[in-house]
Amino acid sequence: MGEDSEVAGVAHLAVRWTPSSLSAVAEAVETGGDALARLDARRLVNAWRDAVAAFRDRRSIERRALDDALARTTRLSAEGLAAGLEAVLGGLAGEEPAAILAETEPAHDRRPVVIFLASNLPALGVQPLLPALALRRPAILKSPSAEPLFLPAFVAALTAREPALGNAVAAVTWRGGDRDLEAPLLTAAHRVVAYGESDTLADLDRRAPGKLVGYGPKTSLAVVGPASELGPTAAGLARDVALFDQRGCLSIAAVYTTGPTAPLAAALAAELAVLAHRWPPGPPDPLATAAVRQLRDLADLEGLHRPDLGPDLPLAAGTVVVDPDPTFRTTPGLRTVRIHPLPDPTALPAHLHSWRGRLQGCALAGLPTHYDAHLRHALATLGVSRYAPPGELQSPGARWHNGGIDPLAALA
């Protein structure tokens, strides 16, 4: 049964699910898995390519129908949404995902993968959908109730291009945490893939023991060495801070540098100001706004704002603080970043030890080869799973092992 609903001022038709109706969805997609298993690899690849291409193109019918509403539900500006979708979908286009779809050995059974998504990033659900389809596993994608629009639109575009997928993939939405409602799905699932807070993941793990593939909250950083070029490095760092308004697990919260902090801070502040015009931030969260104002005030009292940064950027443009204390701290958001001097990069892991398991990526620039190799190895023991030059951190490819987890192995 459908009923009118509204999220962030966007009216849509919402389904009122019951345990029996969700159980019927699980049974239907499992049955549809037979058609998915027989689907010719070339047809699957072509459908995937065409659907991803449509959502990368702001002029496509799919994007024109979705963009305004999606910008409101994700709290991103139109330009920020476009940049974010390109960062996610760009890594799921081209030859790499095509090879995964074409060459992966199908799973032996047809039990579905149930995927619970979080609301911090648009299009996130497309990442776990790729390995599920590669394994020919039917999938049930649960959109967050705060952003119920993208996944149904993407699945509709995908199945329009390949009708054989229509009964094997379902995109649905309900308010998460309802034990009675979710019990049939968790029972039917081969694996439960979930993105969210630690408490949410722990609850799902208790209710679906042995099935959970969980992606909890994480954050990222950068390390800049003496051989980096100031201009390109600052521009890249600004991109990795500003994308998604700094709400992703690959969003940079802190920069450690072996060189002078003042020139890097000034260049980064200038690049953030440029991106504030190119990708205006979305509506600010009141709690984040208050936290950033407090951080700025405290930094001023402690003399941490360097005078050569010039006037403070407006809150909407981001905040840069030079902090001699090497302790890593999370960011309050709104494109806020701390720059820490780090004379010896081999000392960095000691400052990050308390963040073991909560670090996701590291942008690396200008480090000597031996330092670079040592740092990658040490950070991997703390849980870092992605390394990239500044500006590329938030654009992972289809073979990225998020959190160190091989998605194909986890779902197989």
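The values are calculated or read from the model by the stated rules, or taken from the named source; none is laboratory data. All of these numbers come straight from a predicted model, not from anything done at the bench. Backbone-built Cβ (ideal geometry, glycine too); neighbour counts: all protein chains shown.
Output the number of the condition that GLY80 fails; it satisfies all remaining conditions of (1) more than 23 Å from ALA156 (Cβ to Cβ); (2) surrounded by fewer than 17 Cβ atoms within 10 Å (Cβ to Cβ).
(2)
Just checking, which of ALA168, ALA208, ALA188, ALA194 is closer than 18 Å to VAL113 by Cα and without any contact (Cβ under 8 Å) to a residue 24 or more places away in the chain? Let's see the steps before the verdict.
On the way: ALA168 fails: without any contact (Cβ under 8 Å) to a residue 24 or more places away in the chain; ALA188 fails: without any contact (Cβ under 8 Å) to a residue 24 or more places away in the chain; ALA194 fails: without any contact (Cβ under 8 Å) to a residue 24 or more places away in the chain.
Result of the check over ALA168, ALA208, ALA188, ALA194: ALA208.
Name the one entry in VAL255, VAL213 that is in the same structural domain as LEU201 (by TED's automatic domain parsing), out of contact with any Cys (no Cβ under 7 Å at 6 or more places or on another chain), over 30 Å from ASP68 (Cβ atoms) and outside any helix (DSSP H, G or I).
Details: VAL255 fails: in the same structural domain as LEU201 (by TED's automatic domain parsing).
So the residue among VAL255, VAL213 that is in the same structural domain as LEU201 (by TED's automatic domain parsing), out of contact with any Cys (no Cβ under 7 Å at 6 or more places or on another chain), over 30 Å from ASP68 (Cβ atoms) and outside any helix (DSSP H, G or I) is VAL213.
Take the residues of segment 100-126 that are touching a Pro at 6+ places or on another chain (Cβ under 8 Å) and buried (at least 24 other Cβ atoms within 10 Å of the Cβ): which is farthest from PRO217 (Cα to Cα)?
Selected residue: PRO112.
If you go through segment 379-405, how many residues are of a type in the set (Gly, Ala, Ser) and surrounded by fewer than 17 Cβ atoms within 10 Å (Cβ to Cβ)? Don't jump to the end; show me each part of the working.
From segment 379-405, those of a type in the set (Gly, Ala, Ser) are 380, 383, 385, 388, 391, 395, 397-398, 403-404; that's our starting set.
Now narrow it down to the ones that are surrounded by fewer than 17 Cβ atoms within 10 Å (Cβ to Cβ): 380, 383, 397, 404.
Here the count works out to 4.
Within segment 48-80, can you find the residues that are farther than 23 Å from GLY248 by Cβ and among the basic types (Lys, Arg)?
ARG49, ARG59, ARG64 - these are the residues of segment 48-80 that are farther than 23 Å from GLY248 by Cβ and among the basic types (Lys, Arg).
Could you tell me whether segment 236-252 includes any residue that is without any contact (Cβ under 8 Å) to a residue 12 or more places away in the chain and either outside any helix (DSSP H, G or I) or farther than 16 Å from PRO389 by Cα (or both)?
Here is the first cut: in segment 236-252, the ones without any contact (Cβ under 8 Å) to a residue 12 or more places away in the chain are none.
No: segment 236-252 contains no residue that is without any contact (Cβ under 8 Å) to a residue 12 or more places away in the chain and either outside any helix (DSSP H, G or I) or farther than 16 Å from PRO389 by Cα (or both).
Just for helices (runs of 4 or more DSSP H) wholly inside segment 52-161: which have at least 1 residues that are within 18 Å of the chain's Cα centre (by Cα), of a type outside the set (Gly, Ala, Ser) and over 26 Å from VAL274 (Cα atoms)? Reasoning before the result, please.
On the way: elements: 61-74, 78-90, 95-103, 126-134, 150-161.
Because the criterion is at least 1 residues that are within 18 Å of the chain's Cα centre (by Cα), of a type outside the set (Gly, Ala, Ser) and over 26 Å from VAL274 (Cα atoms), the helices (runs of 4 or more DSSP H) in segment 52-161 that meet it are 95-103, 126-134, 150-161.
Quick test for you: out of GLY366, GLY361, pick the one residue that is on the phi > 0 side of the Ramachandran plot and buried (at least 18 other Cβ atoms within 10 Å of the Cβ). Write out each step before concluding.
On the way: GLY361 fails: on the phi > 0 side of the Ramachandran plot.
Just one listed residue meets the conditions, GLY366.
In the set ALA265, ALA269, ALA290, which member is under 25 Å from LEU76 (Cα atoms) and either crowded, with 16+ Cβ neighbours inside 10 Å or within 21 Å of the chain's Cα centre (by Cα) (or both)? Lay out the reasoning, then the answer.
Working: ALA265 fails: under 25 Å from LEU76 (Cα atoms); ALA290 fails: either crowded, with 16+ Cβ neighbours inside 10 Å or within 21 Å of the chain's Cα centre (by Cα) (or both).
Every option except ALA269 fails the conditions.
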